[in-house]
Structures are given as structure tokens and as C-alpha cells.
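Here is the structure we will look at.
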Amino acid sequence: MRKIIIYGSKYGTSKEYAIYLGLKTNITAVNYKDLKNINKYDTIIYVGSIYASNILGLRKTFKKLNNISYKNIYIITVGISETNNRNIDERIKSIIKKDIYDKVNVFHLNGKINYFTLNKKDKFLISLMYKILSKENNNELKKENQMILTIYKNKIDKMDFNKLIPVIDLINNKKNEVLQGF
């Protein structure tokens, strides 16, 4: 049974989660950009950062995958906002067929962000959104929009390795035999 942890990380939080998960499960963690042959793995754990409702690298990674029906798949999303997980789940379903999605283990984790270390484009986008949203009534804003107001010129760290315990338990306790006969 071959297992791999693949991560898509822009500022490092998903990579941190992936490396920690790898240490706890004795599974190698690699950046999705460095992955050579995903099809040789029976168990695939993808840890991806959320940017504008997209999961970094997930689509590119799963395009390379043949016969996904017979794989054990875990998808862990990492985002700073208390976003609506249903929206993220819908995004995953747009990448993976719904019948396969129903067999995938999906987890959502909180990450961290440091406004001061963002690249110029990301700083500009947050600044622009901040200017627009700061004119709105804060009580009427969605949680993810309220988070933009909080992120602007701040550091936020909601990262919690303890949230990986259910994932670690599932990976370690599950035999991860190749699923047959969907």
C-alpha cells in the first residue's frame, strides 16, 4: 500500500500541516508541483490552501490521476476565514465527480496569515477589499468579509495541529485497503 501526502501552499501553512501529518503518519509529504507519478499511490492525502474559494493545486493534481475510484482519498483544506464549508465542498465536487466525492474524506482546518509578508498583489487585493468593506455595516457582513477587515495590516494565527488528530487517527487506524467495487 503506497501512500503520499501532497500539499499546495502559497505562504507555508498547508506545508506545515502536511509535514506535521507526515511525521505523525510516517508518510512522505511533497509539493504538488514536485509530484512525478500520482497514479502509483493507493492512498492520497491532499492538503491545500484556500485562495478565492479555490484550493491551491488540487485541480492540477487530480487531473493527473487515473482511475480515482480505486484510491483512498483525503482532502484537507486550509483557510484563514470561517468560510462556509459548503462552498468549499462544492468547489471540490467541481474537481472530483460527486460519486467519488462521497467516498472522499474531507476536512477543513484554520490557517494563519501575516499581512506584512504577503506579496504585492495579495496586499493590494486585501487593501482594496478592505476599503470597500469598511464602508459597509460590519454586522451585516458575511464572516469571510468580516475576516478581510481583521486581516488588513494584521497577523492572524488560527493554526491548530490538534485539529489533525481525527485525520491522523483515521489514516493510522484505517487499513487503507484499495477500495473496490464502487
Handout entry: Filter result (under 19 Å from residue 32 (Cα atoms) and either of a type in the set (D, E, K, R) or surrounded by fewer than 17 Cβ atoms within 10 Å (Cβ to Cβ) (or both)) within region 69-92
Key = 71, 91
Handout entry: Residue match in region 70-91 (condition: of a type in the set (A, V, I, L, M, F, W, C), in the same structural domain as residue 171 (by TED's automatic domain parsing) and in contact with a His (Cβ under 7 Å, 6 or more places away or on another chain))
Key = yes
Exercise for the section: Kindly establish whether residue 104 is of a type in the set (A, V, I, L, M, F, W, C) and under 19 Å from residue 43 (Cα atoms). Expected result: yes
Problem - Matching residues, region 130-141, being under 20 Å from residue 87 (Cβ atoms) and either surrounded by 13 or more Cβ atoms within 10 Å (Cβ to Cβ) or among the aromatic types (Phe, Trp, Tyr) (or both) - result: 133, 141
Exercise for the section: Return yes when residue 169 is touching a residue at least 40 places away in the same chain (Cβ under 8 Å) and either of a type outside the set (A, V, I, L, M, F, W, C) or out of contact with any strand residue (DSSP E or B) (no Cβ under 7 Å at 6 or more places or on another chain) (or both) and no when it is not. Expected result: no
Handout entry: Filtered residue count, region 50-80, keeping only those that are part of a strand (DSSP E or B) and of a type outside the set (Val, Ile, Thr)
Key = 5
Practice task
Being polar (S, T, N, Q), surrounded by fewer than 19 Cβ atoms within 10 Å (Cβ to Cβ) and within 13 Å of the chain's Cα centre (by Cα) narrows it down to one of 53, 127, so name that one.
Solution key: 53
Practice task
Could you list all residues from region 1-28 that are more than 19 Å from residue 88 (Cα to Cα), under 14 Å from the mean Cα position of the chain (by Cα) and in a strand (DSSP E or B)?
Solution key: 5
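The values are calculated or read from the model by the stated rules, or taken from the named source; none is laboratory data. For clarity, every value in this text was computed on a predicted model and none was experimentally measured. Neighbour counts are summed over all protein chains in view; Cβ atoms, including those assigned to glycine, are modelled from backbone coordinates with ideal geometry.
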